[in-house]
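Student: Below: one structure in structure tokens.
The values are calculated or read from the model by the stated rules, or taken from the named source; none is laboratory data. Everything numeric in this text was worked out from a predicted model, so none of it was measured. All Cβ positions, glycine included, derive from the backbone under ideal geometry; neighbour counts span all protein chains shown. For accessibility, only protein heavy atoms count, side chains too; no ligands or nucleic acids. Shrake-Rupley method; radii C 1.70, N 1.55, O 1.52, S 1.80 Å.
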Amino acid sequence: MTESNLMLEHPLAKYLRQERMPHIWCEGCGNGVLLCSFFEALDELKLDLDKLVVVSGIGCIGRAAGYVNVDSFHTTHGRAIAFATGVKLANPDLKVVVISGDGDLFAIGGNHFIHAARRNVDIKVICANNFNYGMTGGQYGPTTPLDSWTTTTPYGNIEHPFNLVHLAAASGAVYVARWTTLQVRRLRNSIEKALQKEGLSFIEVISPCPEIYDRYNKLGTAIDVMKRFKLVSEVRHGYDPAKAEITKDQIIVGEFIDIEKPSYGRLFREMTAKVQKKLKGGKAKCERK
Amino acid sequence: MEKKNRAVLTGTHFMSGDLACAEGAIAAGCRFFGGYPITPATEIAERMARRMPEIGGVYIQMEDEIGSIAAIIGASYAGKKAMTATSGPGFSLMQENIGLAVMTEAPLVIVDIMRGGPSTGQPTMPGQQDMMQAKWGSHGDYEIIALAPSSVQEMFDLTIECFNLAETYRVPVMLLADEIIGHMWERVKIPPPEEIVLVSRKKPKVPPNEYHPFKPDGNLVPPMACFGEGYRFHATGLTHDEKGAPKTVSIEEQTKLVKRLCDKIRKNAGKIIKVEEVMLEDAEVAVIAYGITSRAALSAVRKARKEGIKAGLLRLITIWPFPEELVAGIAKKVNVIIVPEMNYGQLVREVERVAKTTPVFLLSKLGEEPHRPSEIIEAMRRALK
Amino acid sequence: MPQKLWRKPLDTEKIKLPMAEIHIIKDFCKGCGFCIEFCPKDVLEKSDEINKRGAYLPKVVDESKCVLCGFCTAICPEFAIFTIEKKCKEGCENGEKE
């Protein structure tokens, strides 16, 4: 079979914009693995791809929206969640997924994230966490571990990183999980769950960044980093996200939060129904206040 | 029919400018408002919060103005006519995403009820200090459309016009009112819905596999598919080709895209621009004004005529694209131009640029009080000497 | 890492393992080695063949050992490798290809 035919034979081919492949990500980058798990989840659920919207921010993972064969949008830095909120509320029939990076979602976009979680907007947020700003050459970000070397922390990072699952849970997300790019099956299951759940779901995906963060901090090749994921990951479902830390010796993964809470859209529609019921039969009043 | 009645409040009303603007948006078909409270535009948000559930629209108060503009771009791409309302400081915050709306050609309406600036300034006082920001606020080369109402009725009418222009040209359109127009109360006549002319975005005529989201039609504007219609397109703020694929290296694509985004407004300026000309045929002194100032200017011009001064008024309804040819033509016929503005010289620069050798005088006024007709007449007398 | 069974499962004769076809899209591979490293059956190894990117491609050591777990398909960041089940002839005992 020719190369292009082979690409069409790939079981997940229909989810990719073939003409834009191969993608721009580095050898061993976790972004491709994340996308693959995402596609496998879509495949399992047999979602209507015409009703799926993928929104991404700026960063390496931000290019993901360009590769997914659905309606997609590549926003400005940090604004993917606000944009996704607009999309979902304007057309509640759409399934809206935000795929973005740790810097985009939690530094510049931090405010939008916490409010979307607080409101429980029905969007799914998948965060590729590679502990730095990879696209711009490896600057530190809100998840960079203490003492790490990055180009803007040449003497070691003196800032404490976020615990993203704790932040998401505290802000009100209804489904919070963390996996590494090694645990592809569990990641796929989490994505499936998130896609079927009403409210803001957050999945943190710990990802290697072989060319930049891992190289600067002497963590070895992509395989070394993935093998290390296997060694230090500990699955603790239902664990208190505040304690689910990422340290030098341990990455606590699992599904931490899985609760039910009505989404903003649902509450808005219920309120609208009540308002319209009251108005039925009467003319709208032109009220001053 | 119930819903339609509720959307268009046909009849004669006594309303403030902010309220009229909100009702105008609703009459234009706006069904998504994303905003943030800011004096003096808060009343628009409050009205929308009350009215949107009545008519099946969506109101969301975002966490900041940046979230607001991002959300309305999303809503626009999901198929809704979307709007936000803010003032100077919020308008500044929105600039980056205005650039995104321009780049992704999202139809949007942004209402800016201008106040005293810069920075926090005088929140409850009028100003006309965002005229240049509307055009130049975001980075890069781009064109937008901006309209300036000068009455509460125009707040209603021009908001509808803003939506029509946004949908026609797939561009963010700004309504630049000032706090006085926003907060004053006047009579507004709202026509029956069948008398309101509405324009909606061109939809693609080709099947999804042939659709190129940024391939322009005859008037340089691409037909717009929306999310969920099966077109599966990609839109990005990066420089892109007609298919929407990022083209971050190509000189040809950058040139083509930037020029088309600007040309679609510049080349259609003739169809977009609206002004009001009063007694300009034989005028020796022309007053070029907009917004609240134009009301005093109209009174001044009429009074001046009684005194024997051959005065005329050009009231700018369209601020951007600036009516260059029109102003240049007037400049050739008159001896002097007066530009009264509630700022320290913004649109006067455009007039000067276009008027070339004709002397242009700025009558600047800052703070609460708009220009008095007497001040404008005095300026005319001085200029004519 | 492949599991080493210390006894044979009781229903080994009855259960037919699926037969696999392993496909590698050569020009997509960037040589990260995930598929080689994480295959539970050690079906793949690094070859000397270089594609046009300069990456060393994986090669199949013994396709009959593949159990269609799909891990290589799932773990490859480039969508460069995937497995398809070889269809059985009707009534075949040994999983012969059609």
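Student: Can you name every residue in segment B:230-281 that is free of Cβ contacts under 8 Å to residues at least 24 places away in the same chain and closer than 21 Å to B:Ala82 by Cα?
Tutor: Of everything in segment B:230-281, those that are free of Cβ contacts under 8 Å to residues at least 24 places away in the same chain and closer than 21 Å to B:Ala82 by Cα turn out to be B:Phe233, B:His234.
Student: Please go through segment A:19-49 and give me each residue that is open to solvent by 10 Å² or more (accessible area, probe 1.4 Å), without any contact (Cβ under 8 Å) to a residue 12 or more places away in the chain and on the phi < 0 side of the Ramachandran plot, ordered by number.
Tutor: A:Glu19, A:Pro22, A:Asp48
Student: Among the residues of segment B:41-71, how many are free of Cβ contacts under 8 Å to residues at least 40 places away in the same chain and of a type in the set (Gly, Ala, Ser)?
Tutor: 6
Student: Which of the residues spanning segment B:7-44 are open to solvent by 10 Å² or more (accessible area, probe 1.4 Å), over 22 Å from A:Arg269 (Cα atoms) and more than 11 Å from chain A (Cβ to nearest Cβ)?
Tutor: B:Pro37, B:Ile38, B:Thr39, B:Thr42
Student: How many of the residues making up segment A:95-111 are within 13 Å of chain B (Cβ to nearest Cβ) and surrounded by fewer than 24 Cβ atoms within 10 Å (Cβ to Cβ)?
Tutor: The number of residues fulfilling the criteria is 4.
Student: Quick one: count up the residues across segment B:230-245 that are within 23 Å of B:His139 (Cα to Cα) and open to solvent by less than 40 Å² (accessible area, probe 1.4 Å).
Tutor: 9
Student: Sticking with this one: Considering only residues that are open to solvent by less than 90 Å² (accessible area, probe 1.4 Å), assigned to a loop (DSSP other than H, G, I, E, B) and touching a helix residue (DSSP H, G or I) at 6+ places or on another chain (Cβ under 9 Å), which ones fall in segment C:45-54?
Tutor: C:Asn51
Student: Is it the case, given these coordinates, that C:Lys30 is among the charged types (D, E, K, R), touching a residue at least 40 places away in the same chain (Cβ under 8 Å) and either within 13 Å of chain A (Cβ to nearest Cβ) or not in a strand (DSSP E or B) (or both)? Steps first, please.
Tutor: On the way: among the charged types (D, E, K, R): yes; touching a residue at least 40 places away in the same chain (Cβ under 8 Å): yes; either within 13 Å of chain A (Cβ to nearest Cβ) or not in a strand (DSSP E or B) (or both): yes.
Yes: the conditions hold for C:Lys30.
Student: Now for a separate question. Determine whether B:Ile319 is open to solvent by less than 60 Å² (accessible area, probe 1.4 Å) and either in a strand (DSSP E or B) or under 21 Å from B:Glu179 (Cα atoms) (or both).
Tutor: Judged against the criteria, B:Ile319 is a match.
Student: What number of residues within segment A:177-200 satisfy the criterion of being in a loop (DSSP other than H, G, I, E, B), crowded, with 19+ Cβ neighbours inside 10 Å and not small (Gly, Ala, Ser)?
Tutor: Of the residues in that region, 4 qualify.
Student: Can you pull out the residues in segment B:340-384 that are open to solvent by 80 Å² or more (accessible area, probe 1.4 Å) and of a type in the set (Lys, Arg)?
Tutor: Residues satisfying the conditions are B:Arg349, B:Arg353, B:Lys356, B:Arg372, B:Arg381, B:Arg382.
Student: Among the candidates B:Glu194, B:Glu167, B:Glu143, single out the residue that is open to solvent by 40 Å² or more (accessible area, probe 1.4 Å) and either among the acidic types (Asp, Glu) or within 27 Å of B:Ile66 (Cα to Cα) (or both). Give the derivation first.
Tutor: On the way: B:Glu167 fails: open to solvent by 40 Å² or more (accessible area, probe 1.4 Å); B:Glu143 fails: open to solvent by 40 Å² or more (accessible area, probe 1.4 Å).
The unique qualifying residue is B:Glu194.
Student: Hey, could you check segment A:43-86 for residues that are β-branched (Val, Ile, Thr) and at the interface with chain B (Cβ under 7 Å from one of its Cβ atoms) and say which is nearest to A:Asn120 (Cα to Cα)?
Tutor: Going through the qualifying residues, I end up with A:Thr85.
Student: Continuing with this model, one more query. From the list B:Lys306, B:Lys332, B:Lys274, which one is among the basic types (Lys, Arg) and touching a strand residue (DSSP E or B) at 6+ places or on another chain (Cβ under 8 Å)?
Tutor: After applying the criteria, what remains is B:Lys274.
Student: Against the definition (among the polar types (S, T, N, Q), open to solvent by 10 Å² or more (accessible area, probe 1.4 Å) and modelled with pLDDT of 95 or more), how does A:Thr76 come out, yes or no?
Tutor: Yes: the conditions hold for A:Thr76.
Student: A follow-up question, please. Restricting segment A:175-189 to residues that are within 14 Å of the chain's Cα centre (by Cα) and either more than 14 Å from chain C (Cβ to nearest Cβ) or basic (Lys, Arg) (or both), which is nearest to A:Asp147 (Cα to Cα)?
Tutor: Ranking the candidates gives A:Arg178 first.
Student: Has segment A:120-138 got any residue that is among the acidic types (Asp, Glu), touching a Lys or Arg at 6+ places or on another chain (Cβ under 8 Å) and closer than 26 Å to A:Tyr239 by Cα?
Tutor: For segment A:120-138, residues among the acidic types (Asp, Glu), touching a Lys or Arg at 6+ places or on another chain (Cβ under 8 Å) and closer than 26 Å to A:Tyr239 by Cα: present.
Student: A further question follows. Those residues that are farther than 30 Å from B:Cys262 by Cβ and in contact (Cβ under 8 Å) with a residue 60 or more places away in the chain, I need them from segment B:302-349; list them, please.
Tutor: Result: B:Lys303, B:Ala304, B:Glu307, B:Ile309, B:Ala311.
Student: A:Thr75 - would you say it is touching a Leu at 6+ places or on another chain (Cβ under 9 Å), polar (S, T, N, Q) and within 26 Å of A:Val33 (Cα to Cα)?
Tutor: Judged against the criteria, A:Thr75 is a match.
Student: Working only within segment A:205-226, note down all residues that are open to solvent by 60 Å² or more (accessible area, probe 1.4 Å) and either touching a residue at least 24 places away in the same chain (Cβ under 8 Å) or touching a Phe, Trp or Tyr at 6+ places or on another chain (Cβ under 9 Å) (or both).
Tutor: Within segment A:205-226, A:Glu211, A:Tyr216, A:Lys218, A:Leu219, A:Thr221 qualify.
Student: Hey, which of the helices (runs of 4 or more DSSP H) in segment B:1-108, taking only ones fully inside, have at least 3 residues that are of a type in the set (D, E, K, R)? Spell out how you get there, then give the answer.
Tutor: Details: elements: B:2-7, B:17-27, B:42-54, B:65-77, B:88-103.
By residue number, B:2-7, B:42-54.
Conditions tested, residue by residue: (1) closer than 18 Å to B:Leu261 by Cβ; (2) touching a strand residue (DSSP E or B) at 6+ places or on another chain (Cβ under 6 Å); (3) hydroxyl-bearing (Ser, Thr, Tyr).
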{"position": "B:Ile72", "(1), (2), (3)": "no, yes, no"}
{"position": "B:Ser87", "(1), (2), (3)": "no, yes, yes"}
{"position": "B:Leu93", "(1), (2), (3)": "no, no, no"}
{"position": "B:Thr104", "(1), (2), (3)": "yes, yes, yes"}
{"position": "B:Val111", "(1), (2), (3)": "no, yes, no"}
{"position": "B:Gly116", "(1), (2), (3)": "no, yes, no"}
{"position": "B:Gly140", "(1), (2), (3)": "yes, no, no"}
